[in-house]
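Engineer: Dropping a structure here in C-alpha cells format, bear with me for questions.
The values are calculated or read from the model by the stated rules, or taken from the named source; none is laboratory data. From a predicted model like this one, the values you see are computed outputs, not experimental measurements. Note that each Cβ is placed from the backbone with ideal geometry, even for glycine, and that neighbours are counted across all protein chains shown. In case anyone asks, the SASA skips ligands and DNA or RNA and just uses the protein heavy atoms, side chains included. Shrake-Rupley method; radii C 1.70, N 1.55, O 1.52, S 1.80 Å.
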Amino acid sequence: MKRLAIFCLFFFVQPTFAIGCINMKDNWIECLAQILKSEGGYVDDPRDNGGATNFGVTKKTYENWVGREVTKEDIKNLTIEDVAPIYKDRYWARVRADELVDGADLLLFDLSVHSGPRRSVKIAQETAGTVVDGLIGPKTVAAINAMDQTEFIKKFSENRLAFYKRIEAWKHFENGFRNRVKKTQIAAQQMVK
C-alpha cells in the first residue's frame, strides 16, 4: 500500500504524467489500486502461461509496450509508474471504462487485465444481452449502463467464473480464480452509488 500511496501522490503532482488522464473519471485510480492489489508483485510460476510477471504485467506485454526484448530482471525492476500507463492504454481504454457506470468499470477492467479486453467485453455482452462479438461500442456501453448494477455485477461475476471453469488453468488456479472473482465482485458492488 505504501507504493500505491506514493504512486497516487506522484500521479496527482506530476502534470506530465497526469496529462493523459485528465478526462478519466475519478474511478481510474481506485480501479488501478484494486488491480495492483490483486496482481501483487513479481512472480514466475511455470504453471502460468504469462511467465515472468510483475504488478500483473507479463514479460511479453512489457516487450510489446517498449518495442524490444526485455529480461526477467527488467520485469523484476518494474515500478507502478512503469505499469500504470500500460494498464490505462491496453486495458482500461480498450473496455471504454471511462464510459461505464461505477462498478462495471472495475469488473471489465479487471477481467481485461486477467484475460484480455475481448474476453472481458464478450462476458459483459453476454451479461447485458447484446450481440457477443468482443467489440465494445455505444450499444454495449448503453446496455451495461442501463442494467441494474447490482444485477450486472452478480451476473458478470457468475459468467466470469463459468468462463474460468472452462479453461485449462482452472485445475491449477481454481482457488485464485474464485478469490479474485469474489474480491472484485465485492469491490465493484462497493463502488455502486
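Engineer: Determine whether the range 66-78 contains at least one residue that is open to solvent by less than 20 Å² (accessible area, probe 1.4 Å), in contact with a helix residue (DSSP H, G or I) (Cβ under 6 Å, 6 or more places away or on another chain) and in a helix (DSSP H, G or I). Talk me through it step by step, then tell me what you get.
Structural biologist: Our first condition is that a residue be open to solvent by less than 20 Å² (accessible area, probe 1.4 Å); within the range 66-78, this holds for 70, 75, 78.
The next check asks that each one be in contact with a helix residue (DSSP H, G or I) (Cβ under 6 Å, 6 or more places away or on another chain); those that pass are 70, 75.
Those left that are additionally in a helix (DSSP H, G or I): 75.
Yes, that holds for at least one residue.
Engineer: Determine which member of the set 176, 134 is over 15 Å from residue 103 (Cβ atoms), outside any helix (DSSP H, G or I) and of a type in the set (Gly, Ala, Ser). If you could, list the steps in order and put the result at the bottom.
Structural biologist: Working: 176 fails: outside any helix (DSSP H, G or I).
One residue alone meets the criteria, 134.
Engineer: If I ask for residues that are in contact with a Phe, Trp or Tyr (Cβ under 6 Å, 6 or more places away or on another chain) and either touching a residue at least 60 places away in the same chain (Cβ under 8 Å) or surrounded by fewer than 18 Cβ atoms within 10 Å (Cβ to Cβ) (or both), which ones from the range 105-141 would you list?
Structural biologist: 107, 109, 113
Engineer: Given (1) modelled with pLDDT under 95; (2) in contact with a helix residue (DSSP H, G or I) (Cβ under 6 Å, 6 or more places away or on another chain); (3) aliphatic (A, V, I, L, M), identify the lone condition not met by residue 111.
Structural biologist: Checking residue 111 against (1) modelled with pLDDT under 95; (2) in contact with a helix residue (DSSP H, G or I) (Cβ under 6 Å, 6 or more places away or on another chain); (3) aliphatic (A, V, I, L, M), the one that fails is (1).
Engineer: List pairs: first in the range 32-58 and touching a residue at least 12 places away in the same chain (Cβ under 8 Å) and open to solvent by less than 20 Å² (accessible area, probe 1.4 Å), second part of a loop (DSSP other than H, G, I, E, B) and of a type in the set (Ser, Thr, Tyr), Cβ under 8 Å, 6+ apart or cross-chain?
Structural biologist: Correct list of pairs: 52/42; 53/42; 54/42.
Engineer: Please verify whether the range 156-164 includes one or more residues that are open to solvent by less than 10 Å² (accessible area, probe 1.4 Å) and either out of contact with any helix residue (DSSP H, G or I) (no Cβ under 9 Å at 6 or more places or on another chain) or at pLDDT below 95 (or both). Write out each step before concluding.
Structural biologist: Within the range 156-164, the first condition is being open to solvent by less than 10 Å² (accessible area, probe 1.4 Å), and the residues that meet it are 156-157, 160, 164.
Pick out the ones that are also either out of contact with any helix residue (DSSP H, G or I) (no Cβ under 9 Å at 6 or more places or on another chain) or at pLDDT below 95 (or both) and you get 164.
Yes, the range 156-164 contains a residue that is open to solvent by less than 10 Å² (accessible area, probe 1.4 Å) and either out of contact with any helix residue (DSSP H, G or I) (no Cβ under 9 Å at 6 or more places or on another chain) or at pLDDT below 95 (or both).
Engineer: Which one of 175, 179, 159, 145 is over 24 Å from residue 192 (Cβ atoms) and among the polar types (S, T, N, Q)? Break it down into steps so the answer makes sense when it comes.
Structural biologist: Working: 179 fails: over 24 Å from residue 192 (Cβ atoms); 159 fails: over 24 Å from residue 192 (Cβ atoms); 145 fails: over 24 Å from residue 192 (Cβ atoms).
Unique residue meeting the criteria: 175.
Engineer: Quick test of your reading of the structure: residue 186 fulfils all but one of (1) under 13 Å from the mean Cα position of the chain (by Cα); (2) without any contact (Cβ under 8 Å) to a residue 60 or more places away in the chain. Name the failing condition by number.
Structural biologist: Condition (1) is where residue 186 drops out.
Engineer: Working only within the range 107-131, note down all residues that are within 23 Å of residue 39 (Cβ to Cβ) and not in a helix (DSSP H, G or I).
Structural biologist: 116
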